[in-house]
Every structure is written in structure tokens, then in C-alpha cells.
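Structure, as C-alpha cells:
The values are calculated or read from the model by the stated rules, or taken from the named source; none is laboratory data. Given the structure is predicted, the values throughout are model-derived calculations rather than measurements. Virtual Cβ from ideal backbone geometry, glycine too; neighbours counted across all protein chains shown.
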Amino acid sequence: MMAAQEMKDKLVDTDVLVVGGGIAGCPTAYKAAEKGLRVTLIEKSKTERSGHAGAGIDTLLGWPLLDVPLPKQVKNWEGRVEWINGKGRFCDANIPYTIYKGAYWALEEAEKMGLDMTWHNGQIHWNRNRFWEDQERQMCVHWMDVKPQMARAVHKKGVEVLDRVMLVDLLTNKGRVVGATAVNTRTGQFLVIKAKAVVVASGPLARSYDPEQPLFYKYKMKYHGAPGAIAGDGLAAGYRAGAELANMDVGNCWGFRLRDEITVPYGQMVHRDGISGRWRTWDGMMIPFLTAPLYTKLERMGRDPIYVDTIHFPEDYQARCEVALADERLVSLMACAQRGFDPHTHRWELMVNMPHNFTTICGLVIDETFQTTLKGLFAVGDAASGLASCGPGIQSAFLCADGLPAAVSEASEPVLDEGQVESQKKSAFAPLAVKDGTEPMEFECAVRWINSRYVGEFKSEGKIREGLKRLDSLKRRFLPELMATNPHYLMRCLEARNLLELTELHLRGCLERKESRGNYMRTDYPETDPARDDMVTYQSVKSGQPILEIRKPPALKPEYAEEAN
Amino acid sequence: MPDPVAEKGYEKEFEFPLWLLVKERADQKDISYYSAAREVVPEYMKRIRYDDEKFEDLVIENAMKEAEEEMKAFKSLMAQSEKRGS
Amino acid sequence: MATSITRIDNERCTGCQTCYDLCPQDVYTWDDEQDRPVVAYAEECWGCGVCWAECPKRAIEYTIPAALW
């Protein structure tokens, strides 16, 4: 095979570039193509089985109640964020408003795309969730094959799908996005993509903490919230290009180590048609929903480990769990047996409830048109601050794409800065020339360890400062020595670089949050600071200088607040 | 009280009924596990009372009653710890 | 080198490339001579099970190794 450096660059000229072919990226690409735009989608893995929903999904959140005014639903949504993050607003209220307003339109769009939104009886099935039933609806779906179906639809619509292609950086000119550079993770070919609009759909930040990081509401035997490929690629590239990120201090930083435990997700076992799994201390005392402060308290009392079980589920509900398992990750049906798991008698240990398991509110700052603070750059799904999970992923995708023709027609013909392209290519390929350097996974693990040790559950100024010092030292000493012996490892080097940058932002954000709130705990500031109510951390880079601002996120617009449903 | 730790010989004693059905179909037709699941899961779902709201109501009611009873220990523990100021 | 979660049964494998094509973590490379997949990056597999479930000949063995126990 030709060496990557000798291959000719692949030049792409398109209207819309979608970064990420997951459950948000695919509908975005589909809808944009349906609107008559030229669309290119780049996907680091293979679109048919990539992203969170790669092996399937069984529940879609984010559907508004029909008889509740939207402003009230927005308040409910904010309340659920508060439950994890503590008191206050963390996101632009107009985003959940826009999602809720357009949710059922998006449902129709999903049906038109060929997705089956109905249940076994040909009707939509709403999960009976007695904890949330006055707040939001959850749709049950049998979506083991949603990704192959989405991929098929996207191809059929004429989207140029480039699988095994990872984003390197965004291209900008005169303060707006004009495209991106990327690399094929198998051939090593460099891509230069000209685009009038770029939509980041690359998922949340993940892999930045040591693993064994269970998703809060779910069960299991050592589950990882995000599949391995997700590493915040779009967030890092967006930040480097000048877009603003929010909530990097309290946002979702799921720990994930590639060399780690099998996850055996159990779907929505914990809220299955009206009943839920039960949390218990080691000696059998039942506890309510767990929060990090409660876990800490119980740990201090010697009542940990904490377990969750479905021992009380009647057989009919055990069967529902099996179906959920099949819908979300078929292998777990088989793999459970290897672990000797019997849901009738066994319990899963809830690993230490690390407080950095938040509600995926960190990400690129967007407005209600899904435009980021960088002109021409949009974000949908988990990559955007204020959006979380697959339902809003799909909803935001259709809503964003619906507005793209206007954005594209406003955009002038993209002119690339050749110097920028060359610089990005040189930087991306540098690891290929390094001999006897540092393997990217070792570097990534070092970053995660610093995060876990010096930020972790109980933060304090001294630790965070030490963490920043170590991170900086690691960067200076080892980042230039990242070594890739082939394009696959080049992908890991690019991810390692992204994770380092995003972790640095996380630490800087944590340093400035001098309080404890919800799952965010500081030993040196154990009280909640009322001055930080509704005050969110925003981070961006301007003229090469990192900027950190603490300010209120936009409240619901007066015209929305007044609007009856 | 159920024992969370491994019992001797626990491996391979229990396999999900749905898994056994999927495996059987896959072996029978010599197809992938996904292909088998596509056939078997809808069949399996016919045994489940998804549309029986009365049944679900009863399950939920029982679960809530049990939970309320069980939660007393936790509530009392928290009340004690509040008193102690911990 | 890490124990692999997945192992190919080369007798059953027909060389269809489904696992190599779909793996979200790019764990496999392709041996053109043998016309068989090779688990090249075992430590990067997180066990999603896509290859195991998609293989038309069920030629992939999926085992939880000690490190992930």
C-alpha cells in the first residue's frame, strides 16, 4: 500500500459536510439531501454500525406530553438536569423548547426516512415510566437494526458517504467555516473538503476518564456509557476553529478505557414499563435513586458496594428485559451467561458513582437553529450542549437540516486557505514520521489517569492545579512524540490529541467552579455558591488565547414563554 | 437476601430463554445471530403482555407497595444521620 | 498483548469481510493471502458484539477475558 504521505489528497466539494454518521448524523445528511443539497458524510467507523446506536436502541427519550404547554415542559427538562447537576439552569432554554416543539414533526420525518416508529402492534408504544410520566414521554422502539436502515436510506438519497474517514480539523476563512480536513483511517489518504456548512454530529465527550464508569440510571455489569469510537472529535475541532464550548466543567466525561471491561447493557431495565430495578446496599437495604453525594454518604457509613437488581420483576417483565437487551446489544444476551448472571438471583454492582457522569450537557454551544458560535458550523445530537440521547439526536438532526438550505444559500463560495490546509496536514501526519516515540493509547491513558486522579470525584484547587501542571508537562514532552506506524494508529493519535485538549478545558473549568453543586463536589468548597446559580462555564479560543467566561445561558424568549401550546 | 458474590459453579447455569431460542434458530438455519434475532424476537414478544394495561397496573402497584415498605429502613437511617449531623 | 475478546474460527469463516467491514473500532485487518480477518488491535475491542452478531457463518467466538472480568 502506498504510504499515506505519498497519496494524492482527495478533494471534495460539497454543500453540507456532516461529521459523524451516527443516529444524529444520518438523519441530518438524509434531510439535507432531500432538500436538494449536495451532502457528504464522514464517519470514523462504518455508518451501518457506528455510534451509540450501533448495536441498536430500545428507547427514545425527548417526546413532549401532548397536553402540557411547552414552557412547562422546558421547566421539566431543566428539572431533570438539576437532579444530576444541582440547582440552576445549565443550558439555553430555547433549545429544549425547539426540540419539543418540533418533536412530532421529526417523528413524521423519521417515518418518511423509512424508520419504523411503531411497536409490535403497529402502534407507537410509550414506555410507562411512573417517575417521568408527568414530564416527558419515552418511546419504545425495536431498533436493533436502526443503523443499517439509516445507512441504507442515506445512501439511497445520494449522500456521499465516506466511511473510515476521521475529521482532522475544520477549515476557516474570514471567521467562518469553509470546510474541513480529514484522513482515511485505513488508507491514510488525506481529504480536503470544501463545504458551505458543516454539521458536527460526532457525539459527546467520552474516554477522558479512567473506565468503570457506569451510566447513572442504568444497571449493569460494568457498563460503558459510550461506545469506544466516541472521543469528542467534533468538540475539539470546533474549539480549535474558534467555536465556543459550554459546561466542560460539569458536562459528560464518561470514563472509558479501550482496554476494559465488557459492558453488558440492560437497555432500559431500570425503568421498564412502570417498574424499575432496585438499588440496594451490600447488606440488602433498599435505597432510592442514587446521587454521587448519597453514594459518598453510604460509603462513609460502610454500606457500599451498591447493587442494582431486577430480582423482583415478574417473569413477564424479565422477558421484556430480554427483548430490550436484544434491541440494544444482542451479544449481551449471550455474554451474561459467561459472567454467570441470573437476573432472578443476582445483582449488578454499581461501580463507584463518579460524579462526572452528568447529563451530556457539555458540548458545542448552539442556538435554536443549531448554529454554533462559529458561522457555518452547526451541531446536533450529543455533540451539542443542551442535547442528550438518541431521541433529541434524531429530532435535532431533522430540525437542523430543515434550516440548512437557507444557511447554504447565504454562504458565499468557500475559499480555502491553502496554508491552513498544509498546516493541518503536516500536523496530522507528523506521528507517521516519528520513530521510537510514544504510542497513542499510552498517552491517552496518561491523560485519563491525570483526570481521574487530580479531578475525580472530590475536587480541590491543589489537585486541579497539579493536574493542569502534569497535563501541560505531558503535552510538552510527549505530544510531539506521538507515534503512528499506520493510519489506524494515526486515528488514535488524533483522538489522543483531542482528548488532551478537551481534558485541559475540563480542568480549567473545574478550577473556576469554586463550589459544590449536585454531583459536582469540591472538598475545599463544600457549599453551593448562590452566586453561581444559573451561571455556566463557556470556553473558547480567540487569537490563540483561551477564554473562560461565566455567564447565564439564554432564558426562554418572552414570545415562547407566553405561547400557549 | 440474595448474595451478590459468585457462588461455586454459577457459570453456565442460567441462560436467557430468548438467547437459547436465537441460538437454536441460528444453528437450525445456519444464519447470523442478528438474522435469527430478527425472526425470533417478534415471536418471543407475542408471549409478553405489552397490551395488558390492567396487568401492568397490578405489577406497578405491587412494586410500589413493596418499595414503600422496604424504603423504611433507608428513611430511618437518613433521619438518624441527620440528627447526628453527618 | 491483550487477550482478544473475539476469535475467528477459520474453518467456518468464508472470507466475506463483514466483520472487517463493520467493526466500529477498526479492530480487524484483512489478510489478503489467507483471505481471512485478523484481530490486529485486540486491546481496542470493547466487545460491542457487532461482528459476532453479523457474521453469516457464526464464525466468531466472543469470550470475556480475565482483564475485563
Requested in this report: Can you tell me which residue among B:Lys29, B:Lys12, B:Lys8 is more than 10 Å from chain A (Cβ to nearest Cβ), surrounded by fewer than 18 Cβ atoms within 10 Å (Cβ to Cβ) and at pLDDT below 95?
Outcome: B:Lys8
Report summary line: Residues of region A:396-412 being modelled with pLDDT of 95 or more, of a type outside the set (A, V, I, L, M, F, W, C) and either outside any helix (DSSP H, G or I) or within 15 Å of the chain's Cα centre (by Cα) (or both), in sequence order, are A:Ser396, A:Gly403
**Report entry** Residue within region A:341-361 that is modelled with pLDDT of 80 or more and closer than 30 Å to A:Gln395 by Cβ present
**Finding:** yes
Query raised in the report: If you take the residues in region A:319-331 that are more than 7 Å from every other protein chain (Cβ to nearest Cβ) and in contact with a helix residue (DSSP H, G or I) (Cβ under 6 Å, 6 or more places away or on another chain), which one is farthest from C:Trp46 (Cα to Cα)?
Result: A:Cys321
Query raised in the report: Among (1) in a strand (DSSP E or B); (2) within 14 Å of chain B (Cβ to nearest Cβ), which single condition is A:Leu167 missing?
Result: (2)
Query raised in the report: Taking the stated definitions as given, is A:Lys426 among the basic types (Lys, Arg), over 21 Å from the mean Cα position of the chain (by Cα) and surrounded by 24 or more Cβ atoms within 10 Å (Cβ to Cβ)?
Result: no
Query - Filter pass, A:Glu34 being surrounded by fewer than 24 Cβ atoms within 10 Å (Cβ to Cβ) and in the same structural domain as A:Leu115 (by TED's automatic domain parsing) - result: yes
Requested in this report: Could you tell me which residue of region C:37-62 is surrounded by the most Cβ atoms within 10 Å (Cβ to Cβ), considering only residues that are more than 20 Å from B:Trp19 (Cβ to Cβ) and modelled with pLDDT of 90 or more?
Outcome: C:Pro37
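It is to be established whether one or more residues within region A:40-48 are assigned to a helix (DSSP H, G or I) and out of contact with any Ser or Thr (no Cβ under 7 Å at 6 or more places or on another chain). Working first, answer last.
Just the residues of region A:40-48 that are assigned to a helix (DSSP H, G or I), to begin with: A:47-48.
After this cut, where a residue has to be out of contact with any Ser or Thr (no Cβ under 7 Å at 6 or more places or on another chain) as well, the list is A:47-48.
Within region A:40-48 (the criterion being assigned to a helix (DSSP H, G or I) and out of contact with any Ser or Thr (no Cβ under 7 Å at 6 or more places or on another chain)), the answer is yes, since at least one residue qualifies.
Given the condition outside any helix (DSSP H, G or I), within 11 Å of chain A (Cβ to nearest Cβ), in contact with a His (Cβ under 8 Å, 6 or more places away or on another chain) and of a type in the set (Phe, Trp, Tyr), answer yes or no: does some residue in region C:42-53 qualify?
There is at least one residue in region C:42-53 that is outside any helix (DSSP H, G or I), within 11 Å of chain A (Cβ to nearest Cβ), in contact with a His (Cβ under 8 Å, 6 or more places away or on another chain) and of a type in the set (Phe, Trp, Tyr).
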**Report entry** Residues of region A:511-545 satisfying the condition of being part of a strand (DSSP E or B), loosely packed, with under 15 Cβ neighbours inside 10 Å and touching a residue at least 40 places away in the same chain (Cβ under 8 Å)
**Finding:** A:Lys542
Query raised in the report: Within region A:87-104, how many residues are surrounded by 23 or more Cβ atoms within 10 Å (Cβ to Cβ) and at positive phi?
Result: 0
Report task. Of the numbered conditions (1) at the interface with chain A (Cβ under 9 Å from one of its Cβ atoms); (2) surrounded by fewer than 22 Cβ atoms within 10 Å (Cβ to Cβ); (3) free of Cβ contacts under 8 Å to residues at least 60 places away in the same chain, C:Pro65 fails exactly one; give the number of that condition. Result -> (3)
Query - Pairs where the first residue, in region A:108-132, is within 11 Å of chain B (Cβ to nearest Cβ) and surrounded by 15 or more Cβ atoms within 10 Å (Cβ to Cβ) and the second is part of a loop (DSSP other than H, G, I, E, B) and β-branched (Val, Ile, Thr), C-beta under 9 Å, 6+ apart - result: A:His120/B:Ile48; A:His125/A:Thr118
Query - Which numbered condition A:Tyr560 fails, given (1) of a type in the set (Phe, Trp, Tyr); (2) at pLDDT 95 or above; (3) in contact with a Leu (Cβ under 9 Å, 6 or more places away or on another chain) - result: (2)
Report summary line: Within region B:68-84, restricting to residues that are closer than 21 Å to A:Gly277 by Cα and acidic (Asp, Glu), the one that is surrounded by the most Cβ atoms within 10 Å (Cβ to Cβ) is B:Glu70
**Report entry** Whichever residue in region A:291-304 is surrounded by fewer than 17 Cβ atoms within 10 Å (Cβ to Cβ) and part of a loop (DSSP other than H, G, I, E, B) and, among such residues, is nearest to the other protein chains (Cβ to nearest Cβ)
**Finding:** A:Met301
Query raised in the report: Going by the conditions given, is A:Lys469 surrounded by fewer than 18 Cβ atoms within 10 Å (Cβ to Cβ), more than 14 Å from chain C (Cβ to nearest Cβ) and closer than 30 Å to A:Glu515 by Cβ?
Result: yes
Query raised in the report: Would a scan of region A:230-249 turn up a residue that is surrounded by fewer than 22 Cβ atoms within 10 Å (Cβ to Cβ), out of contact with any His (no Cβ under 6 Å at 6 or more places or on another chain), modelled with pLDDT under 85 and assigned by TED's automatic domain parsing to the domain that holds A:Leu170?
Result: no
